[in-house]
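Colleague: What follows is a structure written as structure tokens; I'll ask about it next.
The values are calculated or read from the model by the stated rules, or taken from the named source; none is laboratory data. It should be emphasised that the depicted structure is a prediction, and the values quoted were computed from it without experimental measurement. Backbone-built Cβ (ideal geometry, glycine too); neighbour counts: all protein chains shown. We work out accessible area using only protein heavy atoms, side chains counted, and drop any ligands, DNA or RNA first. Shrake-Rupley method; radii C 1.70, N 1.55, O 1.52, S 1.80 Å.
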Amino acid sequence: MAAKTELGSLTVQELLGKGKGEQVPEKYIHKVGAPNASSAQLMDIPVIDLGLLLTPSSITAPQLEKLRSALTTWGCFQVINHGMTPEFLDEVREMTKQFFALPVEEKQQYLRQVNDIQGYGNDMVFSEQQTLDWSDRLYLSVYPEEHRKLKFWAQDPKSFSETLHQYTMKLQVVTKTVLEAMARSLNLDVNCFRDLYGEQGKMDVRFNFYPPCSRPDVVLGVKPHADGTIITLLLQDKQVEGLQFLKDDQWFRAPIVPEALLINVGDQAEILSNGIFKSPVHRVVTNPDKERISLAAFCIPESDKDIEPFESLVNESTPGLYKKVKNYVGIYFEYYQQGKRPIEAAKI
């Protein structure tokens, strides 16, 4: 596929600063499938104690069944007792708010370059027809450490680099524990997901900022999509809801559990599990009065690894549902911006 050159566009904060956001520009408005956010019910997803999944001796069949059930129905769960204190999570949230509160010209020094994902700004814009998301972000590769482009790591707040490094290392532990538990819940070799994520498995983070929007009825913070990851770990805003998941053609609101991380499986876990785990479609709605932040961490297998259903999950009665794919994330973003699901291309 030929590389596309993206089109430039202002960040939402710049729009608002120039007074252009009072009247929401046309390119942010969803003409079809308007959000209708207010009618969404609260979803009932399980809260799982990670401490009970840490060692073989502490793992019980009901815990694994709870995890499997969450990932086959909703595709996500909330995790507590993950090794990070509520105070530390608040520090991470506060640092996110402080970054987006910096003057525009100060944030400009971290602006991502054209056709590069890392840095500050908005997502890539590939076509005039693309409906834009009402959000600004700072996107950084955090693991392996040699992938870090430190010129994009904020100097202010001063604690940014150290706190983000600590958060990354703690998330690596959570990721490995969750991947092992996912394998156990399917009666697979405990290392099968872990080995595919690999020692050099990539973790990218995305700090999200959603300014208030005067048209929450027709504007979304993030358009509907599923993740191209193996799993995604999300730290939600402590006060303001916004994340919604699609199930049975209905949108449901994700509840806020301040001390929890919300973890969802991505398309690559759906492929590996031969469709047992469901990579959920989700979106972020806008709020007319309040700003909202979140921090997503994306766990992405090494790009040279073949991703296909595990052999032991494929037999005569349950044939393989997906083709072998490689570098799934490479095709992901272009599909996403067109509002399409890349996993459709992997289905047999």
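Colleague: Looking only at the stretch 197-213, which residues are within 19 Å of the chain's Cα centre (by Cα) and farther than 26 Å from residue 284 by Cα?
Modeller: Once the filter is applied, which keeps residues that are within 19 Å of the chain's Cα centre (by Cα) and farther than 26 Å from residue 284 by Cα, the stretch 197-213 yields 197, 201.
Colleague: Of the residues that make up the stretch 311-331, is at least one closer than 19 Å to residue 242 by Cβ, surrounded by fewer than 18 Cβ atoms within 10 Å (Cβ to Cβ) and basic (Lys, Arg)?
Modeller: For the stretch 311-331, residues closer than 19 Å to residue 242 by Cβ, surrounded by fewer than 18 Cβ atoms within 10 Å (Cβ to Cβ) and basic (Lys, Arg): absent.
Colleague: Residue by residue through the stretch 199-210, note down the ones that are modelled with pLDDT under 95 and either open to solvent by less than 10 Å² (accessible area, probe 1.4 Å) or in a strand (DSSP E or B) (or both).
Modeller: Those that are modelled with pLDDT under 95 and either open to solvent by less than 10 Å² (accessible area, probe 1.4 Å) or in a strand (DSSP E or B) (or both): 201, 202.
Colleague: Residue under question is residue 45, and the condition is that it be in contact (Cβ under 8 Å) with a residue 40 or more places away in the chain, under 27 Å from residue 241 (Cα atoms) and not charged (D, E, K, R); does it hold?
Modeller: Yes, satisfied.
Colleague: Just checking, does the stretch 63-84 include any residue being of a type in the set (A, V, I, L, M), farther than 30 Å from residue 177 by Cβ and modelled with pLDDT of 90 or more?
Modeller: no
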